[in-house]
């Protein structure tokens, strides 16, 4: 498997991005990026690509990382796909390597150095996709005035970190993490407005206090706070991805009381559901060329210390 290692002593630089929704039998045009990396996050359908000589399929909740100085195009028609795309430039040193996935993940987990870096495979599936989807949408929906450029740089760096954390968490073989990940997946699969901490403890055969201590230790919040966090996560996704009325968003986020939903949402997000939707509803959609050859903005060009001439140091 191909891996890419990004050092984050400096933020990466956001370049461009958007959301693309295709018509039936759409095929990605031939592309070649000069110095910029591209992240594709699948939302709907299967995107059929050929990267150099290798066929690649990106499905819903799959993440594809395309390095610079790489030729790629559609390998065959794709039907009614929907995906986010985002380009960025690294400012710091980077490297790529090919290795066994299990050995690489094990090495990352046991590595004790304090270097600020993230390692990502070229293609992987997200289990906890809601948070990443919302973060990607927030980056792409920020206004394009100059005062917001730096914020996008930090958010794109945060996106790489969150992708790294999600990837490692779902491959972490340790017993403690396996238990908490099992609990999180059980809660996610059995979410309802009536779900209680006592019910969770009973179903997974744990003492209520011990269950809460586990969540406090590994998630930094109580079990009940985690349940409410999941519900708000679902709500943010519905607010940015649908036109569903607020009362229906509350119901589909497992809140039985819309007023309780609005109170919890405002507490966690700092905005009302309506304010949140209005803040993050502007995004670049359906560019007919997907990835136009936009000239590198001067502000971005001036900020880059060095762009590799051939994809290497």
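Just so you know, all these numbers are worked out from the coordinates, no wet-lab data involved. Remember, predicted model here, so these are calculated numbers, not experimental data. Reconstructed Cβ throughout: ideal geometry from the backbone, glycine too, with neighbour counts over all protein chains shown.
Could you tell me the convex hull volume per residue, in Å³, taken over the Cα atoms of region 175-253? Walk me through the intermediate numbers first.
Values: hull volume 7.0 nm³, N = 79.
Considering the Cα atoms of region 175-253, their hull volume per residue is 89 Å³.
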Calculated P(r) tail over 14 Å for region 76-138, as whole % of Cα pairs: 75 percent
Protection proxy ranking of 262-275, 91-104 - average other beta-carbon atoms within 10 Å, highest first: 262-275, 91-104
Cα-projected label distance for residue 272 with residue 203, points at 7 Å along beta-carbon direction, nm: 3.4 nm
Region 59-104-region 1-56 distance, computed between alpha-carbon centres (Å): 5 Å
Approximate spin-label separation residue 229-residue 52, in nm, with each point projected 7 Å along Cα-to-Cβ: 3.9 nm
Nitroxide proxy distance, nm - points 7 Å out along Cα→Cβ at residue 259 and residue 80: 4.1 nm
Net length gained if the chain between residue 196 and residue 102 were fully extended (0.36 nm per residue, minus Cα distance): 30.3 nm
Rounded FRET efficiency, nearest 0.05, which uses the C-beta distance separating residue 150 from residue 279 and R0 of 22 Å: 0.75
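Which of the peptides 193-204, 119-130 is most tightly packed, and how do the rest follow, judged by the mean count of other Cβ atoms within 10 Å per residue?
Values: 193-204: 14.1, 119-130: 18.1.
By packing density, highest mean first, the sequence is 119-130, 193-204.
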